[in-house]
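Read through the structure below, which is laid out as structure tokens, and then see the notes.
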Amino acid sequence: MKLNENEVENIAHLARVEISAAEAAAYAADLSSILQLVAQMNAVDTDSIKPMAHPHEAPLRLREDEVTETNQREKLMANAPLAEKGLFLVPKVIE
């Protein structure tokens, strides 16, 4: 699909972007090449290709789920300007 300068100016208007006539010509060429690439990628038959979660077949390195820090709630709550029942109290910002 090849875009002309008028179509690029319409797109710029819809996006509320101000462009000059020289920029419209340059953008028309750039956007046309992008749309051509998208059309080329859409033409590729991918029906037999299995979807992948990651481009590399590397296994995930999982670690054991272990507690590595001690409970410091009392120490942290002592620094709070306002606290109640183990929770930090903050000023109300939404009415």
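Derivation of every value follows stated rules applied to the coordinates shown; laboratory data play no part. Keep in mind it's a predicted model, so treat the numbers as computed, not measured. Glycine also receives a Cβ, built like all others from the backbone with ideal geometry; neighbour counts cover every protein chain displayed.
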Sorting ASP47, ASP30 on the 10 Å Cβ count, fewest up front, what's the list? ASP47, ASP30
For GLU9, GLU66, GLU18, order by how many other beta-carbon atoms lie within 10 Å, fewest first: GLU66, GLU18, GLU9
Only Cα pairs under 8 Å and at least 6 apart count here; give the relative contact order of the chain as a rounded whole percent. 20 percent
Just subtract the alpha-carbon distance of MET77 and MET1 from 0.36 nm times their residue separation and send over the number in nm, one decimal. 21.1 nm
Environment charge of ALA12, counting only residues whose C-beta is closer than 11 Å and scoring Lys/Arg +1, Asp/Glu -1: -4
What order do you get for SER32, SER20 when you list them from fewest to most C-beta neighbours inside 10 Å? SER20, SER32
Using 0.36 nm per residue of separation minus the Cα-Cα distance, give me the extension gain between ASP30 and GLU66 in nm, one decimal. 7.7 nm
Out of (1) 1.36; (2) 1.01; (3) 0.95, which label holds the value of Rg/Rh (Cα atoms, Kirkwood Rh) that was computed here? (1)
Heads up, the stretch 51-95 by the C-alpha gyration tensor (a ≥ b ≥ c square roots of eigenvalues; a/c under 1.5 rounded, else a/b over b/c prolate, else oblate) looks oblate
For a label point 7 Å along the Cα-to-beta-carbon line of ASN10, residues of the stretch 32-71 with backbone N under 17 Å: 32, 35
